[in-house]
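One structure below.
Any read-out appearing in this document is the output of simple, stated calculations on the displayed coordinates, not a laboratory observation. Note that the coordinates shown come from a computational prediction; the quantities given were computed from them, not determined experimentally. Here the Cβ positions follow ideal geometry from the backbone for every residue, glycine too, while neighbour counts run over all protein chains shown.
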Amino acid sequence: MTDTFPVIRQVVLDTTDARGLAEFYRALFGLTYRPGDEPPAPGEPDPRGRDWLVLTGGDGVPLAFQQVEHLTPSTWPDHAVPQQLHLDCTVPDVATLDAQHERALALGATLRYDRTDDPEEPLRVYVDPSGHPFCLFVG
């Protein structure tokens, strides 16, 4: 028997727009592209952006984006199409939560649930432009 365990290397999000969703999360979290995955010059073809991209940086797990032909976005909190997976993201205080709320909306996120009045754990739940849920909360 071994004490070696698998290691999570990245979280992969399916999307019908790999470059667009990567750009959303790059801007939201201040991440950078893995070498070779950067956007091409304007007007140049983007073969990687139509397949697989990886963002790294900060203290978190890298995010990868896999191009798919079809994707049914989550309808959470309606249970017709469940979350299946979501990202939990923390900020240090309510003022930062409010500032990041405005940034997330400006970048294309949609607010799905607001619990900022909870004194124990203020939070908001959004979906990204492809419909994947993510939470921003004070923690």
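Please determine, by comparing only the residues of the stretch 1-21 that are in contact with an Asp or Glu (Cβ under 8 Å, 6 or more places away or on another chain) and assigned to a helix (DSSP H, G or I), which one is nearest to residue 58 (Cα to Cα). Within the stretch 1-21, the match that is nearest to residue 58 (Cα to Cα) is 21. Listed here are the strands (runs of 3 or more DSSP E) enclosed by the stretch 42-128 that have at least 3 residues being aliphatic (A, V, I, L, M): 52-56, 123-127. Looking across the stretch 26-37, just one residue is more than 25 Å from residue 136 (Cα to Cα) and surrounded by 12 or more Cβ atoms within 10 Å (Cβ to Cβ), and that is 37.
Residues checked against (1) within 26 Å of residue 34 (Cβ to Cβ); (2) of a type in the set (D, E, K, R); (3) touching a Leu at 6+ places or on another chain (Cβ under 8 Å):
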| position | (1), (2), (3) |
| --- | --- |
| 50 | yes, yes, no |
| 54 | yes, no, yes |
| 57 | yes, no, yes |
| 61 | yes, no, no |
| 69 | yes, yes, no |
| 74 | no, no, no |
| 86 | yes, no, no |
| 100 | yes, no, yes |
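Here residue 84 meets each of (1) under 17 Å from residue 12 (Cβ atoms); (2) among the polar types (S, T, N, Q); (3) in contact with a helix residue (DSSP H, G or I) (Cβ under 8 Å, 6 or more places away or on another chain) with one exception, condition (3). Of all residues in the stretch 88-98, those satisfying the criterion of being touching a Leu at 6+ places or on another chain (Cβ under 7 Å) and farther than 26 Å from residue 17 by Cβ are 91, 97. Among the residues of the stretch 125-139, those that are touching a Leu at 6+ places or on another chain (Cβ under 8 Å) and not hydrophobic (A, V, I, L, M, F, W, C) comprise 126, 128, 129, 130, 131, 132, 133.
For the stretch 129-139, a residue qualifies if it is assigned to a strand (DSSP E or B), touching a Phe, Trp or Tyr at 6+ places or on another chain (Cβ under 6 Å) and over 15 Å from residue 60 (Cβ atoms), and exactly one does: 133. The condition (being closer than 23 Å to residue 9 by Cβ, out of contact with any Ser or Thr (no Cβ under 7 Å at 6 or more places or on another chain), in contact (Cβ under 8 Å) with a residue 12 or more places away in the chain and surrounded by 12 or more Cβ atoms within 10 Å (Cβ to Cβ)) is satisfied by just one residue among 134, 65: 134.
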